[in-house]
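Trainee: What follows is a single structure, and I will ask about it in a moment.
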Amino acid sequence: MRLNVENMTCGHCRAAVEKAIASVDPRAKVVVDLPGRTVDVESDAGKEQLLRALRDEGYEARPI
């Protein structure tokens, strides 16, 4: 799943996004493209769970 995370701008943001996804699925594979503001996630967790975890961390994400 590829997500657009517009308000992700720095290394701290990258770490926070990775942490939020890991809180839902510790085995998830996460690739963050900071300049493109996208996150690729391979996970068994549901889309809504991942989006909620990101939102709780302060990042609005949407599937692309």
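Trainee: Compute the acute angle (0 to 90°) between the alpha-carbon long axis of helix 11-24 and the principal axis of greatest extent of the alpha-carbon atoms of the chain; round to the nearest 10°.
Mentor: The answer is roughly 10 degrees.
Trainee: Viscosity 0.692 mPa s, temperature 37 °C: Stokes-Einstein D of the chain from its Kirkwood Cα radius, in µm² per second?
Mentor: Using the Kirkwood radius from Cα pairs, D works out to 294 µm²/s.
Trainee: Enumerate the amide H contacts of T38 below 5 Å, restricted to partners 5 or more residues apart or on another chain; note that Pro and chain-start residues carry no placed amide H.
Mentor: Amide H to amide H, under 5 Å and 5 or more residues apart or across chains, T38 pairs with V5, D33.
Trainee: Could I ask something else about it? If you line up the long axis of helix 47-56 against the longest principal axis of the chain, both from Cα atoms, how many degrees apart are they, to the nearest 10?
Mentor: Its long axis makes an angle of about 50 degrees.
Trainee: Describe numerically, in nm with one decimal, the distance between label points set 7 Å from Cα along Cα→Cβ at E42 and at A15.
Mentor: 2.6 nm
A short reminder: the numbers here are calculations on the coordinates, not readings from a lab. The model shown is predicted, which means the values in this text are computed figures rather than measured ones. Virtual Cβ from ideal backbone geometry, glycine too; neighbours counted across all protein chains shown.
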